[in-house]
Amino acid sequence: MSAPIGNPQEDFLVLDDVHTHFDMGKDLITRASKGVVKAVDGVSLTVRKGEILGLVGESGCGKSTLSRTIMQLIRPTAGHVWFKGQDLSAMSDAEVRRERINFQMIFQDPYASLNPRMTVLDTLAEAVKTRHPDLKRDALRGRVADLLRTVGLNPTHMKRYPHEFSGGQRQRVAIARALAPEPELIIADEPVSALDVSIQSQILNLLKRLVRELDLTMIFISHDLSVVRYISDRIAVMYLGRIIELGDAEAIVDRPLHIYTKALMSAIPEPDPRTERSRERIVLSGDPPSPLNPPSGCNFWPRSPTPHDERMKHVEPPFEEAAPGHWVAACPFCAPAAPVPQELART
Amino acid sequence: MTDHSETAVLADEPIPPPTSASEIAEEELVEGSSLWKDAWSRLRKNRLAVGSLFTFIAIVVFCIAGPWLSPWDANTQDLFLGAEGPSSAHWFGTDTLGRDLMVRVMYGGRISLMVGLVATIVALSIGVIYGATAGYLGDKTDASMMRFVDMLYALPFTIFVILLMVAFGRSLWLMFVAIGAVEWLSMARIVRSGVIGLKKQEFVEAAVSLGYSHRRIILRHLIPNVLGPVIVIATLTVPAVMLLEAFLSFLGLGVQPPNASWGVLINEGQQNMEIYPWLLIFPALFFAATLFCLNFIGDGLRDALDPKSAKD
């Protein structure tokens, strides 16, 4: 797949044809292979310094695996992850461990991502020490206080335990922990999906501000398009382990090219009931195919709302620049669908 | 405190740069309440557990301090006196050799309790470290470590002890080793399964992505979180170990005369229980009471540490 790969030596983060496969092992008796799950199957991407790149896709499309592959929590099966000119995927475990302070992750579930036996002070101080191992007690405490202020928490509560905070506050602590090693890249894996809608916007605004004011770069992963649309500078749409469309947030939202992106966009509810009533929906049939046994050719064909064209099964669509900076894996046979009538879409 | 009050702080204030470190005074800090503290306050409300705890402490004090206060010696025989029922001089009576039973119960208690505690501590430390390492490393290391545990499990305990005694001669320390070697197996299994459950939690993933060492992740992030069930099991292991010791002593493989443990005393007592019933009743009473107390404390701890599992 040709792809918009930048220069690995100069660009901030470059993914070069990254594959992450999981071998399901062999059947105990027949010794036949149970197959290989291709969670990430050839992703190439360049992340620019200072941007927020939104990564959307439905559950099971491999976005969490991709985030953990970038973090080197899971090592890629093939391909390279270049971070500031260094190939992370070629480093030894010990080298990666030293490099980790430069890229951090915010997790989905704020109830599971903090150690329940440690105070917020201990959790954050431990993370600060990864960058400043020689910091003494008082300085460490001052640093933790400032981190808490940074994420909008009261520093006098630093001796409390995670269970004494609400979900939104815990997520702020988790954000503070990710900031503690002073990273340059933050990967946020569904950081607001476990939170109330009212809290979501607060956290989103906080993340947006942090990226701007602390000069960070962020990969923001979510299945929620309205959230991604709000926070991202650019959006990458992921489907079945691959990126099928990439472009400026505005372009992806207003002028989606791939039929899948169009279907996703048409699924965002409108806040105004009048426009909501006239909203046209593109409905996809079926579930996403299993990454254990992905369909051949244009892997989208089993779900295309248009009549199936046999040629789809044989031609793998190339990833091409359709408009400046707007890339799409357009299948010539997934014709733009006729909008489905509202009555049908509701069922 | 609500989320709203927190965000009000953020709205307009500039974000402090990531390198700043301001001063913060100790007195300003709000003290948090740890899960241990919460568990302790729940335990204190459990009457059965608190009552058992006090009874257990009383028994321990009785066994440790008692011999200093009693005028009698544990091993001084009075063959003219022989076995006498409880009297004002000998409150628990005397045994067939005329030794004061109360002092012997105290000494026996010292040994029984010591076996219980030492063997449990041995089992605890080996089991927790072994189980946590196996569970954390996973894969082939885990498989081979746990197969070793299975192998030891399959060894018949009595034969194992008899072999040890034959090879090294009888001693109290050997009994600690033998019991500890058996009891740590189940501890290791429990810790391992707990760690495997925890390993999938995001806070462990976060610890890995912060670049902490394996050692630090196991000691600071995994073990403290499996300690709850481990403490419960440990409290329940103490009586199990004491029973094992009694069983070994009963077979003549454990504590050797003239030393006594509760198991030895019960064994002596049952030989003459039709003629001198007090020789069986007193040590059995103390032994049973201790086992009851420890079991109730263990149950109480389990409810306190894991409030979701409490039945009430």
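The values are calculated or read from the model by the stated rules, or taken from the named source; none is laboratory data. Computed from a predicted structure; not experimentally measured. Here Cβ is always computed from backbone atoms with ideal geometry, including for glycine, and neighbour counts include all displayed protein chains.
Observations, loosely collected:
- Condition broken by A:Met105, with the remaining ones in (1) under 22 Å from A:Val211 (Cα atoms); (2) more than 7 Å from chain B (Cβ to nearest Cβ); (3) part of a strand (DSSP E or B) satisfied: (2)
- Lone qualifier among B:Ala206, B:Ala234, B:Ala240 - being more than 30 Å from B:Gly108 (Cβ to Cβ) and at pLDDT 80 or above: B:Ala206
- No other residue among A:Leu147, A:Leu153 is crowded, with 20+ Cβ neighbours inside 10 Å and at the interface with chain B (Cβ under 7 Å from one of its Cβ atoms) apart from A:Leu153.
- Flag for A:Ala94 being touching a Leu at 6+ places or on another chain (Cβ under 7 Å), surrounded by fewer than 22 Cβ atoms within 10 Å (Cβ to Cβ) and either more than 8 Å from every other protein chain (Cβ to nearest Cβ) or not in a strand (DSSP E or B) (or both): no
- Taking residues in the range B:169-182 that are over 14 Å from B:Ser249 (Cα atoms), and partners anywhere that are hydroxyl-bearing (Ser, Thr, Tyr) and assigned to a helix (DSSP H, G or I), the pairs with Cβ atoms closer than 9 Å and at least 6 places apart or on different chains are B:Gly180/B:Thr120; B:Val182/B:Tyr153.
- Condition broken by A:Asp134, with the remaining ones in (1) outside any loop (DSSP other than H, G, I, E, B); (2) more than 10 Å from chain B (Cβ to nearest Cβ) satisfied: (1)
- The set of residues from the range A:52-80 being touching a strand residue (DSSP E or B) at 6+ places or on another chain (Cβ under 6 Å) and of a type in the set (D, E, K, R) comprises just one member, A:Lys63.
- From the list B:Leu280, B:Leu301, B:Leu291, B:Leu251, the one residue that fits, being at pLDDT 80 or above and surrounded by fewer than 21 Cβ atoms within 10 Å (Cβ to Cβ), is B:Leu291.
- Among the residues listed as A:Arg117, A:Arg100, the single one being within 12 Å of chain B (Cβ to nearest Cβ), touching a Leu at 6+ places or on another chain (Cβ under 7 Å) and surrounded by 21 or more Cβ atoms within 10 Å (Cβ to Cβ): A:Arg100
- Residue match in the range B:257-270 (condition: buried (at least 17 other Cβ atoms within 10 Å of the Cβ), at pLDDT below 75 and within 20 Å of B:Thr237 (Cα to Cα)): no
- Check on A:Val228, over 19 Å from the mean Cα position of the chain (by Cα) and either more than 11 Å from chain B (Cβ to nearest Cβ) or within 23 Å of A:Gly325 (Cβ to Cβ) (or both): no
- The set of residues in the range A:191-202 being surrounded by 20 or more Cβ atoms within 10 Å (Cβ to Cβ), touching a residue at least 40 places away in the same chain (Cβ under 8 Å) and more than 10 Å from chain B (Cβ to nearest Cβ) consists of A:Pro191 alone.
- Looking only at the range B:204-218, and only at residues there that are over 14 Å from A:Phe103 (Cα atoms) and of a type in the set (A, V, I, L, M, F, W, C), the one that is farthest from the other protein chains (Cβ to nearest Cβ): B:Ile218
- Odd one out for A:Val37 among (1) out of contact with any Pro (no Cβ under 9 Å at 6 or more places or on another chain); (2) over 20 Å from A:Ile187 (Cα atoms): (1)
- Remark: pairs (first residue in the range A:49-73, over 20 Å from A:Ser226 (Cβ atoms) and more than 14 Å from chain B (Cβ to nearest Cβ); second residue surrounded by fewer than 23 Cβ atoms within 10 Å (Cβ to Cβ) and acidic (Asp, Glu); Cβ separation under 7 Å; 6+ apart in sequence or on different chains) = A:Gly50/A:Asp215.
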